[in-house]
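Down below is the structure, laid out as structure tokens.
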Amino acid sequence: MNNRAEQKKGSRGLMVYSSKTGNTRKLAQGIHQGLAEVLGTVRIAAVEENPDPAGTDWILVGFWADRGNADPKALQYLQSLEGHKIGLFGTLGASPYSDHAKDIGKRVQALAAEKNTVLGCFLCQGRIDPALTEQFKTLPAGNPHAMTPERMKLHQEATTHPDAKDIQAGVAACLSMVTSALPGAAP
Ligand SMILES: Cc1cc2nc3c(=O)[nH]c(=O)nc-3n(C[C@H](O)[C@H](O)[C@H](O)COP(=O)(O)O)c2cc1C
């Protein structure tokens, strides 16, 4: 094993995720499996466990999009972190290539960067809770969340995510974030 690979194996990482309906948990578990194959043991915890971040070389925090931001539990955990190297990953109903997704990514990264170094942010689509889809259908036309054919298409597209491709992309993105956190990595 070369030095870089040994460094990766020896790094102490923590993955923390917040998930309401399971999408971000599925993404987190897939990323965790991919990282563990390269890095060896990686600690993973649900945000409700409030894992102690002391002594870690890097932390990956997973969130789900909630009204244009990260969800409250992920935000609270992020706000508790100081002086860490943090990578972010998350799921949202919208396309990860949309301006909405870019805004969410920027917002969460800016918050994490207040007291930490941010390594990057990976976002992918996640199935929207069918109860929310039904709720949108009851809204009158003109309401900003009222169901439109475009919105219905988006909800349908989201139903299969996160899928294997999303997880593969998430592993690659998170590995790159983690590698940039290793001692001696270019800033
Ligand atoms: C209350 C609520 C608010 C949401 N807000 C947004 C949002 O602002 N933007 C978006 O793209 N998706 C939004 N979604 C969709 C979720 O972010 C998406 O389904 C996500 O994958 C859920 O993750 P989870 O299964 O880990 O809880 C919202 C969903 C709920 C239930």
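Coordinate-derived values only; no laboratory data. Only a predicted model underlies this, so the values are computations on that prediction, with no experimental measurement involved. A quick note on method: Cβ atoms are made from the backbone with ideal geometry, for glycine too, and the neighbour counts reach across all protein chains shown.
If each DSSP helix of 4+ residues adds -39,500 (n - 2.57) and the sum is divided by the residues in the chain, what number results at 222 nm, nearest 500 deg cm²/dmol?
On the way: 7 runs with 83 residues, N = 187.
Helices in the chain give a 222 nm mean residue ellipticity of -13500 deg cm²/dmol.
Annotation: the antiparallel percentage among DSSP beta bridges lying fully within segment 39-159 is about 10.
For a quick check: sort Asp103, Asp57, Asp52, Asp166 by the number of other beta carbons within 10 angstrom, fewest at the front. Please report the intermediate quantities before stating the final value.
On the way: Asp103 13, Asp57 16, Asp52 10, Asp166 23.
Going from sparsest to densest Cβ surroundings: Asp52, Asp103, Asp57, Asp166.
Which of Cys121, Cys174 has the fewest other C-beta atoms within 10 Å, and how do the rest follow up to the most? Write out the running numbers ahead of the final one.
Values: Cys121 22, Cys174 28.
In increasing order of surrounding Cβ atoms, one gets Cys121, Cys174.
Relative to the current alpha-carbon distance between Leu139 and Gln156, full extension at 0.36 nm per residue lengthens the span by 4.3 nm. Annotation: extensible slack from Gln79 through Asp129 equals 15.3 nm (criterion: 0.36 nm per residue apart, minus Cα-Cα distance). Mean silhouette area of segment 1-117, derived from the convex hull of its C-alpha atoms and averaged over all directions, reads 7.4 nm².
For the listed residue pairs Lys73/Lys153; Lys85/Lys153; Lys106/Lys137; Lys102/Lys153, the alpha carbons are over 27 angstrom apart in Lys73/Lys153; Lys85/Lys153; Lys106/Lys137.
DSSP loop (so not H, G, I, E, B), at most 16 other Cβ within 10 Å: list which trypsin sites (Lys or Arg not before Pro) in segment 63-119 pass both filters. Could the numbers behind the result be given before it?
Details: sites: Arg67, Lys73, Lys85, Lys102, Lys106, Arg107, Lys115; in loops: Arg67, Lys115.
Qualifying residues, ordered by number: Arg67, Lys115.
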